[in-house]
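These notes concern the structure reproduced below.
The values are calculated or read from the model by the stated rules, or taken from the named source; none is laboratory data. Just so it is clear, the structure is predicted and the values come from calculations on it, not from any experiment. When we count neighbours, we look across all protein chains shown, and the Cβ atoms used for this are built from the backbone with ideal geometry, even at glycine.
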Amino acid sequence: MKIKSRKIDWKNTAFKFLFITLLLSIVYAIVRVILAPSVTTDQDAYEKLKSDYVLMLIQCVLGLIVMFIPSIIEKRWSIDIPNNMEIIYFIFLYCAIYLGEVRHFYYLIPHWDVILHAFSGGMLGALGFTIVSILNQTEKINIDLSPVFVALFAFCFALASGAVWEIYEFTFDGLLSLNMQKFALADGTLMVGREALKDTMHDIIVDAVSALIIVVIGYFTIKNEEADKGKSILANKKWGIRNIKKNR
């Protein structure tokens, strides 16, 4: 008797793993918010404060909420998002929130923030292409967009999403007296002019470059698909004409 091997549902596995990880991180952050000091007790040593753990808690809660966005979109609008895209999305949330914030990869791994922005820019660019592709295949919406417009939409979508993230960082820097946008040095000295804007602009530029790379690849992929489709239609027409002539 042959035993059928059960195929692993990687999307569901990634979802459950991320959900449990963020849930445990929320519990940890709540405990640390209660126990952590409000001000630094040792001037010579770095010490995480309540505000740091409040930020961790907020990010984990937001991560727990936004991880349901793909399933909500699929159920609400009957749109089938590719499983690979969802898995990449879950991996990004895990790297950005759990590894970056909870496990301190932003401080332990050089350029971790740059890596994530490059990853997210490319991912959002690909997501822009996926959204248009889904709309093109939806019978309820009769649209047929040119490759140039699809590429432009994908690029603008990625940049807009990156800008929303920078707004989020700016907002919580002000509300919780944080320094996510790196406008101050470690000792609290405020930077001035271009130096104060460097981190924000660097993030946006990385988003733009990574999105542009994906957009260019996507554009030529669509162009090649259209060319192949045109050749196939032309070949079918020629084949049909030949058959008509033979039948005569």
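Miscellaneous remarks
- Scanning region 94-115 for residues that are at pLDDT below 95 and within 11 Å of the chain's Cα centre (by Cα) yields one hit, ALA96.
- Filter pass, PHE119 being under 18 Å from the mean Cα position of the chain (by Cα) and at negative phi: yes
- The single condition among (1) farther than 30 Å from ASP199 by Cα; (2) at pLDDT 90 or above; (3) not small (Gly, Ala, Ser) that ARG32 does not meet is (1).
- The set of residues from region 44-69 being of a type outside the set (A, V, I, L, M) and over 14 Å from PHE19 (Cα atoms) comprises ASP44, TYR46, GLU47, LYS48, LYS50, SER51, ASP52, TYR53.
- Residue within region 29-37 that is in contact with a Cys (Cβ under 9 Å, 6 or more places away or on another chain) and not assigned by TED's automatic domain parsing to the domain that holds VAL132 present: yes
- Any chance SER78 is more than 17 Å from the chain's Cα centre (by Cα) and surrounded by fewer than 18 Cβ atoms within 10 Å (Cβ to Cβ): yes
- Residue match in region 179-192 (condition: farther than 24 Å from LEU55 by Cα and assigned by TED's automatic domain parsing to the domain that holds LEU116): yes
- On the stretch given as region 147-190, residues that are hydroxyl-bearing (Ser, Thr, Tyr) and either surrounded by fewer than 11 Cβ atoms within 10 Å (Cβ to Cβ) or on the phi > 0 side of the Ramachandran plot (or both) total 2.
- Residue in region 44-51 that is part of a helix (DSSP H, G or I) and surrounded by 13 or more Cβ atoms within 10 Å (Cβ to Cβ) present: yes
- Selected residue (only one of ILE97, ILE115, ILE204, ILE109 is closer than 27 Å to LEU24 by Cβ and touching a Gly at 6+ places or on another chain (Cβ under 7 Å)): ILE97
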